[in-house]
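Quick notes on the structure that follows.
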Amino acid sequence: MWSALDLARQGRGKTSPNPMVGAVLVRDGEVVGTGFHEKAGGPHAEILALKEAGEKARGATLYANLEPCSHQGRTPPCVDAIIQAGIKRVVVAMADPNPLVSGAGIHRLREAGIKVRMGVLEEKARRLNEVFLKYITTKTPFLAVKMAMTLDGKIATKNGKSRWITGPKARQFVHRLRSSVDGIVVGINTLLKDDPLLNVRLGGENNKNPARIIVDSTGALPLESRVVKSATDIKTILVTTELAPDNKLKSLKSTGVETIVLPAKDGHVDLQAMMRVLGEREISFLVAEGGGILNYSFLSENLIDKIYFFIAPLLIGGKDAPTPLEGEGVAELVDAWKVENIEMKQLDQDLLIIGYPVRGERSVHGNSGRTGGSARQAAR
């Protein structure tokens, strides 16, 4: 199963909106076939493993980190191929939370006389496919927020200068993160201040650019900005409201920018509605790289599933220098968000903290979780 999980990871950033899946076939103690899901619409991991094994698949044990599919989607059902190949035993890490599949694949295999064992390395499998679990059970994207601050809690100087707070190794990590998501979200203030290109700069085959999504309630996105000028090369989406002038939206569309117009909520883009619309477009994984206002807006709406928090060994000072989270904030510590399941990495001189924000009973990965809980319930 460890091997199946390792194989599955090779599809990171390429399978959306599908899960990452790896499969290993073992017969008489020997690995006879392996495979992983390489991209949406392509062969599933089990099919590739069966193809590699050929006749050696008969009587073998299949290890997969996710329940084999039993429905006709973009590809035929995997359980049919498994049964026809003469597999005698299937070991699965977790059930598929997809309502079209959940439990049906296992039932079909057992009906065919195949022994099935469930729950091997389940928590590892759930964490690997946390994006898919959120998306398939809610039809809204998994949202990660990336923040970078100094030791004294600033994301820029009082004059708005922020290049570069973190070092090269941390910035490379961010580009790898960008290459694994479907969209990068920023607010209009960040775009006006920094004019970022919001692309992936890794080189080679990993240079997959996600969609760039700008939250801009009044259509202030400049036609001369770098994201607009490159909109024909990289998918660019403006999420706005009826407050944006029609002629400005028409001009943006002529440059290749897609527009999503939503009803205004207190004069701003309704972030809940935005997430639903993006989910309908099969955008399953987003990373927000905005400033303190957008970050807090997402947090206050309980939309953040995961945080990537960089801390650099710098001191800026200044009471007016911006911070990672602005907005209204909480009045009492008891109302603060806690961050759970902490993971820490050191990237040269920078510290990276990865975790999951929790407020009260709304745990992201606990049994009562908005993401983890709903996905866990669906998986069972």
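The values are calculated or read from the model by the stated rules, or taken from the named source; none is laboratory data. In this text the structure is predicted, and so the values were computed from the model without any measurement. Counting neighbours? That spans all protein chains shown, and the Cβs are built from the backbone with ideal geometry, glycine included. Ligands, DNA and RNA are excluded from the accessible area calculation, which covers all protein heavy atoms including side chains. Shrake-Rupley method; radii C 1.70, N 1.55, O 1.52, S 1.80 Å.
Put simply, the amide H of VAL32, placed in the peptide plane, has neighbours under 5 Å in LEU25, VAL26, ARG27, leaving out anything fewer than 5 places away on its chain. Overall, the anisotropy analysis places region 36-111 in the oblate class: the square-rooted eigenvalues a ≥ b ≥ c of its C-alpha gyration tensor yield a/c not less than 1.5, with a/b not exceeding b/c.
Take every Cα pair under 8 Å whose residues are at least 6 apart in sequence, average their separation, divide by the length of region 108-229, and the relative contact order is 17 percent. Using a cutoff of 8 angstrom between alpha carbon atoms and counting only pairs six or more residues apart, the relative contact order for the chain works out to 16 percent. If you take all other residues with their beta carbon under 14 Å from the beta carbon of ASP270, and give Lys and Arg +1 and Asp and Glu -1, the sum is -2.
How far is the Cα center of region 99-159 from the Cα center of region 250-316, in Å? Taking the Cα centre of region 250-316 as reference, the centre of region 99-159 is 20 Å away. When the chain is modelled as a GNM with alpha-carbon springs shorter than 10 Å, which of SER217, SER300, SER254 fluctuates the most? The residue with the greatest mean-square fluctuation here is SER254. For the chain, a crude dipole built from +1 on the beta carbon of Lys and Arg and -1 on the beta carbon of Asp and Glu, taken about the Cα centre, is about 720 debye to the nearest 20.
Among 329-336, 228-235, what's the highest-first ranking by average C-beta atoms within 10 angstrom per residue?
Details: 329-336: 9.0, 228-235: 16.1.
Result, highest mean first: 228-235, 329-336.
Place the peptides 29-41, 181-193 in order of packing, highest mean first, counting for every residue the other Cβ atoms within 10 Å and averaging per peptide.
Top to bottom by mean Cβ count within 10 Å: 181-193, 29-41.
Taken one residue at a time, the phi angles of region 54-62 give Karplus couplings (6.51, -1.76, 1.60, θ = phi - 60°) of x, 5, 5, 5, 5, x, 8, 9, 9 Hz. Gly and Pro are set to x.
The packing ranking of peptides 344-353, 13-22, highest mean first, is 13-22, 344-353, where packing means the average number of other beta carbon atoms within 10 angstrom of each residue. The accessible-area ordering, largest first, of the residues HIS268, HIS71 stands as HIS268, HIS71, per a 1.4 angstrom probe.
Which order do TRP2, TRP337 take by accessible area at a 1.4 Å probe, largest first?
TRP2, TRP337
Solvent exposure of the chain, expressed per residue, is 47 Å² of accessible area, with all protein chains present and a 1.4 angstrom probe. Listed cross-link partners LYS124/LYS265; LYS208/LYS338; LYS158/LYS345 are compared with a 31 Å cut-off, the Cα-Cα value being larger for LYS124/LYS265; LYS208/LYS338.
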